[in-house]
Every structure is written in structure tokens, then in C-alpha cells.
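Scroll down for the structure; my scribbles are underneath it.
FYI, it's all coordinate maths here, none of it is from the lab. In this text, all values refer to a predicted model and were calculated from it rather than measured experimentally. So basically every Cβ, Gly included, is an ideal-geometry build from the backbone, and we count neighbours across all protein chains shown.
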Amino acid sequence: MKILLTGKNGQVGWELAHALAPLGEVIAVDREGLDLAVPDRIVSVVRSVRPEVLINAAAYTAVDRAENEPDAAYSINAAAVAILADEAKRIQALLVHYSTDYVFDGTKDTPYIEDDGPNPLNAYGRSKLAGERAIHDIGGAHLILRTSWVYSARGKNFFLTIRRLLQEKKELRVVSDQIGAPTSARGLAEATAELLRRHGAAALGDARGIYHATTSGSTSWHGFAGEIARLEQPDSPARVVPIASSEYPAPARRPANSRLSNEKLLRCFGVALPRWEASLEACHALLGKTAGSNGGRTAGQSY
Ligand SMILES: NC(=O)c1ccc[n+]([C@@H]2O[C@H](COP(=O)([O-])OP(=O)(O)OC[C@H]3O[C@@H](n4cnc5c(N)ncnc54)[C@H](OP(=O)(O)O)[C@@H]3O)[C@@H](O)[C@H]2O)c1
């Protein structure tokens, strides 16, 4: 299987480059190899590689910044995605693309299913929804995997931010009125590779559509931070105090309910991600082994 992977230095992209390796030839590119802001470049790279599977792990993911630069978010998350979808269709490749819980407004009481109507609360969510719709309208073979609250042992994410703050503070105040599933980039990458390994590109193309793919179970950001504190500081964890979203104002509004039902992914493909606590423990253990290494980046909070 010949796979072209974009965004190889992102959280999910980096894990995909490893998880996909046993499946065949993986041509993984970063922004330098394929800048999604340059339409001609997208066309020329896809046409010269001619993959059977095109996996787009690149995205504009700065949720708060997108409020001030919605055009930049739209250009990467929608316009570029439309070109990828066009090019994939032209060479009859399967396009695997990632989207987000932030396409929903969070007012539903139960986990969202794929057929629920989207209504994004922020510019990032609107740009991701536009990308989903472009792929659907172009109509080639595709899988759109919606995920949530992604973290990994590298990059910028909530897990690494809390880990750092635990070293600096005795008490952390964390939002408790947003619920979702913290999803490890590794778990998502492994599930993606498993889909391709078990079913192959042609069968996945026949089952084209949107699938929710998060870890199972759910918690709040406060619950997530509490579990990180328990793992990092088993003897005397810092106090993690629940606060309301209104006490932590951010430029972009976030949904209160980010839970996604993964039932369709399991029913159609027999694939499920682990529980969020198990994935978190694995990521914690991994960092313990590679202490001091953060992929050369600084931890921050993008979600
Ligand atoms: N992070 C989350 O919590 C979350 C939640 C739900 C869904 N998702 C979705 O999951 C997917 C993977 O997200 P992630 O967390 O792995 O994101 P990430 O860590 O922010 O990585 C995104 C990657 O995209 C690359 N990129 C940005 N602009 C680009 C451009 N113009 N050309 C080429 N590459 C560009 C970045 O390159 P540089 O390294 O050069 O900046 C980065 O490597 C995305 O579709 C995202 O929308 C993420």
C-alpha cells in the first residue's frame, strides 16, 4: 500500500508515520514538503506521488487564534482540503481526513452521533466543518474521522501543559463544565492503521463517510487534569480545583458536551480505541521513559 501522509510533525501525524510503516510505503511530508497554503504545491505533490491512500493529518489547530484569523483557518482546513479531495478522487485514492468535536454546539445531553446536525461555536469549528462538507460534495472515496481533545507525549497539548503546571504550582484551577474524551494521538493513529490493515483502501472507500473516533469513556478537563496529577504525583498530588468556563474566558467558545459516540466505527469496522484512562497511563509511562524529551517543542495549550 502506498500512502501519502501530510502533517508528519503534528501530534497525530507523527504517530501515524510510525503506526502506518508496517502497511507499506509511507511518504510522510511536513509543511516544507507540502505547504497546504499553496494550492499548486498540493496538486504537484499528490500527482507526483500518486498514492493509493492520502492521509491528511495537517490542519490549522490554533482554536483561539482562529477567531482573529478565520481566513487562515479556512484556507488550511477547508480550501486546501477541497484540493486534496479533488486530487484524491482524480487518482482514485482513498482520502482519510480528521475532523473535530468542535463542529457541534454541545447542547445535546448524550454523545453526538455522526448524523446529528453540526452547529460550530467557533471559527476553527466552522473551518473544519467546511472541510468535511467539501470532501462530501466532491464525492470521492473518503473517511472523515472526527476526534476530540487530542494529546500526545510531544507537541502542544493539555496533558503537557498540566504536567508542566504541576511542577510549578500547588493548586490548579481547571474547567469542569466541558465534557469530552481525551484522545491520545497514538491511539487514534493505531486505530487508523488498524482500519487500513483490516479492511484495505477499497472497502473503506465503499464505506465512505464520517465516523467518530475517540477513546471510550469521558470526563471533564478538570477530571482529565486530576488523573494527570494522580499519575504524575502519586504521593502528594497538587489540588485540582473545578471552575466554570465563565471563570476562564478564552477567545473561542467551546461546546459543553464534546462527547462523540463511537458506535458506528465499532459496528462498521470492528475497531475501537481504548478507554481514556488507559491511553493516558500509557502516555505517562512513555514520557517517564523519555523524560526531558518533548520533541524539541514547548508545551502550551491549544485546546
Ligand atoms: N488537537 C486536538 O485536540 C484535536 C481535536 C479534534 C480534532 N483534531 C484534528 O486532528 C487532526 C490532527 O491534529 P493534531 O492535534 O495532530 O494537530 P497538530 O499537532 O497541531 O498538528 C498539525 C500539523 O499541521 C501542520 N500544518 C499546519 N499548517 C500547515 C500548512 N499550511 N501546510 C502543511 N502543514 C501544516 C503543522 O505543521 P507545523 O508543525 O509546521 O506547524 C502540524 O504539524 C487535525 O485535523 C485536527 O483538526 C485535533
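Which number in (1) away from the ligand (no atom under 15 Å from the Cβ); (2) within 30 Å of Glu52 (Cβ to Cβ); (3) crowded, with 20+ Cβ neighbours inside 10 Å marks the one condition that Val174 misses?
If we test Val174 against (1) away from the ligand (no atom under 15 Å from the Cβ); (2) within 30 Å of Glu52 (Cβ to Cβ); (3) crowded, with 20+ Cβ neighbours inside 10 Å, just (2) comes out false.
Of everything in segment 152-191, what is touching a Gly at 6+ places or on another chain (Cβ under 7 Å) and not β-branched (Val, Ile, Thr)? Give them in sequence order. I'd like the intermediate steps shown before the answer.
So in segment 152-191, the residues touching a Gly at 6+ places or on another chain (Cβ under 7 Å) come out as 154-156, 161, 181.
Once the filter is applied, which keeps residues that are touching a Gly at 6+ places or on another chain (Cβ under 7 Å) and not β-branched (Val, Ile, Thr), segment 152-191 yields Arg154, Gly155, Lys156, Ala181.
Among the listed residues Ala28, Ala59, Ala73, Ala80, identify the single one that is within 15 Å of the ligand (Cβ to nearest atom), surrounded by 21 or more Cβ atoms within 10 Å (Cβ to Cβ) and under 24 Å from Ser218 (Cβ atoms).
Ala59
Just a yes or no: is a residue in segment 218-232 among the hydrophobic types (A, V, I, L, M, F, W, C), free of Cβ contacts under 8 Å to residues at least 40 places away in the same chain and on the phi < 0 side of the Ramachandran plot?
No, segment 218-232 contains no residue that is among the hydrophobic types (A, V, I, L, M, F, W, C), free of Cβ contacts under 8 Å to residues at least 40 places away in the same chain and on the phi < 0 side of the Ramachandran plot.
Exactly one condition in (1) surrounded by fewer than 20 Cβ atoms within 10 Å (Cβ to Cβ); (2) in contact with a His (Cβ under 7 Å, 6 or more places away or on another chain); (3) of a type outside the set (S, T, N, Q); (4) closer than 24 Å to Leu16 by Cβ is false for Leu265; which is it?
Every condition holds for Leu265 apart from (1).
Every residue in segment 5-25 that is closer than 19 Å to Ala201 by Cα and within 18 Å of the chain's Cα centre (by Cα), please. Give the steps one after another, and end with the answer.
Kept after step one, since they are closer than 19 Å to Ala201 by Cα, are these residues of segment 5-25: 5-6, 13, 16-25.
If the condition is that a residue be closer than 19 Å to Ala201 by Cα and within 18 Å of the chain's Cα centre (by Cα), then Leu5, Thr6, Gly13, Leu16, Ala17, His18, Ala19, Leu20 are the ones that fit.
Which of the residues belonging to segment 88-130 are in a helix (DSSP H, G or I) and either touching a Lys or Arg at 6+ places or on another chain (Cβ under 7 Å) or over 27 Å from Ile42 (Cα atoms) (or both)? Spell out the reasoning first.
Start the filter on segment 88-130 by keeping residues that are in a helix (DSSP H, G or I), which leaves 88-90, 101-103, 123-130.
Residues satisfying the conditions are Asp101, Tyr102, Val103.
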